[in-house]
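Every number here is computed from the coordinates shown, using simple stated rules; none is lab data. Keep in mind that what you see is a predicted model, and the values were worked out from it rather than measured. Glycine gets a Cβ as well: all are built from the backbone with ideal geometry, and neighbour counts include every protein chain shown.
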Amino acid sequence: MNAPELLLTPREMRKADASVIRSGTPGVTLMQNAGAAVADAAREMVSPGARIVVLAGPGQNGGDGIVAATRLREQGYRVSLGLLGKREAFSGDAALVAREWPSDVVAVDGANLAPAELVIDALFGGGLSREIEGAARAAIDRINMSGGPVLAVDLPSGIDGETGAVRGIAVRAARTVTFAARKPGHYLLPGRTFCGDVTVADIGVGSSDLQASGGRTYVNAPALWREAIPRPGPSSHKYERGHVLVASGGATRTGAARLAARAALRIGAGVVTVASPPEALGVNAAQLTAIMLRGCDGPEGLHAILADERLNALVVGPALGVTAVTRAMVAVAAQARRRLVLDADALTSFEGLASELHQGFRSAPTVITPHDGEFTRLFKGHPDILDPSSKVERARRAAAYLSAVAVLKGADTVIAAPDGRAAINANGTPYLGTAGSGDVLCGIIAGLMAQHLPAFEAAAAAVWIHAEAGAAFGAGLISEDLPELIPEVLQGLLGA
Ligand SMILES: NC(=O)C1=CN([C@@H]2O[C@H](COP(=O)(O)OP(=O)(O)OC[C@H]3O[C@@H](n4cnc5c(N)ncnc54)[C@H](OP(=O)(O)O)[C@@H]3O)[C@@H](O)[C@H]2O)[C@@H](O)CC1
Ligand SMILES: Nc1ncnc2c1ncn2[C@@H]1O[C@H](COP(=O)(O)OP(=O)(O)O)[C@@H](O)[C@H]1O
Ligand SMILES: [K+]
């Protein structure tokens, strides 16, 4: 099985580099390897002898660029080197490699990009620490206006490697070569859209060095959770595959629950029941077949239904209404200590009241699935959770605060666990932005938890499967399609 792919923030990457250097490999060797990998990528992008302009910044990212420039020059390319700052001002390993450049340098604002068949952007990488202004800003503007392909070293300059934010302005690259491990900024938006194709070069940082970084953020991919997905044994019966209960909204708001219920059944829950307010029983009954239906009158009704111990996973929130009654439903669900998914109105009903849920889900696996708007409402008054510029950090803090897995949805959905693990999803499609899509996601999560997947694995697997299904369908996707697309994705994962 492939190992899960670890993503390292620039700070964690520095720890990994330090670990390699402690084991005896000089930092300059890492830089030589990094620059050589950039030169290799450049050769794949242009024909022999092409004109290449390398723009190098004042730090070690610039050092990588100078190594690439030196190599490419030796290999017969017509290379010019533009520096942001003075050649004598380089420090550390970059100062060592700068001595090896055998030709003239120009200032970045003097570098002529017009004849270049390739621009190599080595202005800033993991050390970007503030908004870009002045000469650096003008240089990036000119790179983006040049119209030719750009190869970015480590990160497109201007993209924050930890958060994916644009620090004032950023290079639009056709390709990015990064080192040892991708960074969260390669996946988080808007960073992802600036990178082009991202490749990871092996520069001599081993897996023990990566572990030494302390990083706990992963790409959300099957390697992270595939082994946890159950396959029914020859003698297993439906209740072993779990029983999901989905709370339905009132008579005119029942579709969300049915979408979640259908998804829970398709992902493999043995039994799924919709708990319906009495006035909505007719409309639910008219549209349910394999899914069971129970009358459920508010929090007391839910409490009564949960006397059945076989109900082991609940979905509470979609289309329930933003009310005190919904808050009471959440309280009943939490007290029942069942696996729980909370979405939509269950979260918005606690607008500014997150403190009522503080550590509220310690006693049973729980997943919350807010989009940005729901997240901001729920944690109103909690700047410690809302303010970090990294989406990963926001999700992590929310998860720790509630003792629940937080799925912070969007085009770059982040899944975070209270223990600090996090995953960034990247296989989605904008076609998932369709009414009811989030309800389907809730159902998939609950269906996997009902089958005993731990909450983090269930949430991460569900986000990936949901996105994979949506991407496979593409244009014209509506939420009703999503549950019906699950079997093919599941069969691809399980090989059956
Ligand atoms: N051994 C290793 O560690 C290896 C590292 N490797 C490479 O090192 C890169 C990281 O290097 P790095 O830490 O030197 O940071 P880097 O991205 O060059 O920028 C720092 C410089 O930029 C400046 N600066 C920052 N923001 C600015 C702004 N907005 N506007 C203007 N200036 C700004 C900052 O100035 P200061 O803040 O100090 O004033 C400083 O001078 C990494 O991406 C990878 O490519 C590889 O070779 C593998 C081995
Ligand atoms: N541009 C996009 N790329 C990938 N996934 C997306 C995109 N837009 C929305 N999604 C996904 O679609 C789902 C929408 O859920 P949500 O916002 O709750 O919608 P609804 O309330 O209509 O169900 C989420 O899983 C989200 O991650
Ligand atoms: K760069």
For segment 226-381, convex hull of alpha carbons as volume per residue, Å³: 120
Shape call, segment 97-220: gyration tensor on alpha carbons, a/c limit 1.5: prolate
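Hull surface divided by four, with the convex hull built on the Cα atoms of segment 40-158: how many nm²?
Averaging across all directions leaves 6.5 nm² for the Cα convex hull.
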Rounded tilt (10° steps) of 437-450 against the dominant C-alpha axis of the chain: 70
Cross-link partners of LYS183 among lysines (Cα-Cα below 24 Å; sequence separation of 8 or more within a chain): LYS15, LYS391, LYS409
Packing-based order for 231-240, 437-446, 450-459, 90-99, using average beta carbon neighbours within 10 Å, highest first: 437-446, 450-459, 90-99, 231-240
Share of alpha-carbon pairs per 10 Å distance bin for segment 6-215, given as whole %: 10, 39, 38, 12, 1
Histogram of C-alpha separations across segment 388-496, 10 Å bin width, %: 16, 46, 31, 7, 0
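Give me the percent of DSSP beta bridges within the chain that run antiparallel, rounded to the nearest 5. Write out the running numbers ahead of the final one.
Numbers: 9 of 58 bridges.
If I count the DSSP bridges inside the chain, around 15 percent turn out antiparallel.
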FRET efficiency, ALA3 to GLU300 (Cβ-Cβ, R0 56 Å, nearest 0.05): 0.70
Dimensionless Rg/Rh of segment 21-84 - Kirkwood Rh, Rg from C-alpha atoms: 1.02
Within the chain, helix-based [θ] at 222 nm, where runs of 4 or more DSSP H residues each add -39,500 (n - 2.57), nearest 500: -11500 deg cm²/dmol
Prolate/oblate/rounded label for segment 222-494 (Cα gyration tensor, a/c 1.5): rounded
Principal-axis tilt of helix 391-402 within the chain, Cα atoms, nearest 10 degrees: 40
Amide hydrogen neighbours beyond the local backbone of ALA152, cut-off 5 Å, H modeled: ASP121, ALA174, ARG175, THR176, VAL177
Between helix 481-494 and the chain: long-axis angle, C-alpha atoms, 0 to 90°, nearest 10: 70
Stretchable slack from THR289 to LYS238, in nm (0.36 nm times residue separation minus alpha-carbon distance): 16.7 nm
Unit Cα scatterers, Debye sum, the chain: log10 I(q)/I(0) for q = 0.13, 0.14 Å⁻¹: -1.08, -1.19
Computed label-point distance, nm, for sites ALA475 and GLU488 using a 7 Å Cα→Cβ extension: 1.7
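Counting pairwise Cα distances across segment 315-393, what percent come out greater than 20 angstrom?
So the pairs more than 20 Å apart make up 27 percent of the total in segment 315-393.
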Where labels lie 7 Å past Cα in the beta-carbon direction, separation of ALA324 and ALA107 in nm: 6.9
